[in-house]
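Have a look at the structure below, then the notes.
Please treat every number below as a calculation from the coordinates, not as lab data. Computed from a predicted structure; not experimentally measured. Neighbour counts are summed over all protein chains in view; Cβ atoms, including those assigned to glycine, are modelled from backbone coordinates with ideal geometry.
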Amino acid sequence: MTGSTLSRRSLAGLAVTLVANPASAWGSEDRQTSPEEKLRYLDAARRLTVEVMINGQGPFKMMVDTGADSSVISIETADKLGLARGATVEMHSIAGVQTVDTVLIDTLQMGRRITRRMRVSLVAERYLGAAGLLGLDWLGANSLMLNYGKLRMAVGEPLPLPDANTVVIKTRTRSGLTLLDAFMPGHRLIAFLDSGSSTTVGNLALLRAAQASKAVLGGVVDLNLTSATGQTLPGRLVVLSRLTLDTMTLMNVPVVVGPVHTFEYWGLGDQPAILIGSDILQKFETVALDFKRHEVRFKVADRG
């Protein structure tokens with residue numbers, strides 16, 4: 001058993017193999033992209049960003065975070081824009097609750113979509129890793145397409161019809177969070193997609209269930225996680241032998257487990273639950289969330 005310190009953004013590159021229906025598999029090789037396309041990646045975890053204008057200035061690169069109920073910009077971005085501090089609020093992160101400042105944005109524009117009079121929280125950019133993130137308060141009921149094949153993120157655009165390489169999974173909503181069922185050997189899991197996290201994360205109930213059903217491969221690695229607000233908490237890195245989403249099975253899946261406040265906040269602390277991050281999402285050609293149809297669509301790349 002070894003120890004280390006990690007942020008939510010620093011577990012990129014750990015191998016995950018996916019087996020889909022029809023049968024196909026691949027490892028963790030990188031797709032070939034041009035230098036221009038690589039600029040669209042935020043970090044080594046291949047999280048995608050959108051460009052937004054704030055109060056007519058920018059553009060600023062921001063993430064769309066399906067695991068955050070409210071939007072955030074960095075302190076540095078707020079200072080650059082000269083935004084006056086407003087009321088403080090309690091911000092929930094993986095490590096707990098912290099009081100942070102807020103600012104009021106007059107206009108936030110992405111493409112032709114403009115949001116007015118939007119109050120957002122502030123955190124340091126060194127922890128956030130971007131100029132900001134757009135949460136569920138901004139996304140609303142709009143569809144979201146994460147296109148890892150074309151390095152593109154689309155919000156509110158019509159989604160393509162599912163084809164033979166697409167697996168459609170029905171979802172349900174709890175307090176604005178989109179949930180789906182997942183399975184590991186011997187247990188059903190509650191899962192949700194977090195496009196703003198580089199790392200797939202599980203709660204302590206998942207760890208206990210995985211150990212009881214011998215679903216953990218090898219040993220564990222003790223580590224510390226750093227939240228978007230700079231708080232830390234202890235965690236353990238384990239490898240699940242299998243993680244199944246409908247007809248797709250992912251093999252050898254690295255998961256960080258610990259007393260993660262996010263699960264408690266969403267009412268998922270007592271049952272095995274998993275937050276699926278970009279380390280898994282980027283294994284697909286596209287991942288589309290259709291909130292009106294209550295489904296998520298995973299498209300496997302056609303490998304010929």
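Could you tell me the center-to-center distance, by alpha carbons, between segment 248-304 and segment 43-113 in angstrom?
That distance is 23 Å.
Which number comes out as Rg/Rh for segment 120-277 once both Rg and the Kirkwood Rh are worked out on C-alpha atoms? Let's see the in-between values first.
Values: Rg = 16.5 Å, Rh = 17.2 Å.
Rg/Rh for segment 120-277 comes to 0.96.
Mind scanning K61/K283; K80/K292; K80/K283; K150/K292; K170/K283 and naming the pairs with a C-alpha gap bigger than 26 Å? Could the numbers behind the result be given before it?
Working: K61/K283 22 Å; K80/K292 37 Å; K80/K283 36 Å; K150/K292 24 Å; K170/K283 20 Å.
The answer is K80/K292; K80/K283.
Any idea how far apart V97 and T247 come out in nm if each label point goes 7 Å out from Cα toward Cβ?
Roughly 4.5 nm, to one decimal.
Any idea what diffusion coefficient segment 75-162 gets from Stokes-Einstein, in µm²/s, Kirkwood Rh on alpha carbon pairs, 25 °C, 0.890 mPa s?
Once the numbers are plugged in, D ends up at 163 µm²/s.
How far is the Cα center of segment 152-170 from the Cα center of segment 207-221, in Å?
Taking the Cα centre of each part, segment 152-170 and segment 207-221 sit 34 Å apart.
Given R₀ = 25 Å, FRET efficiency for V89-M53 by Cβ-Cβ distance, to 0.05?
Working: r = 24 Å, r/R0 = 0.97.
The calculated FRET efficiency here is 0.55.
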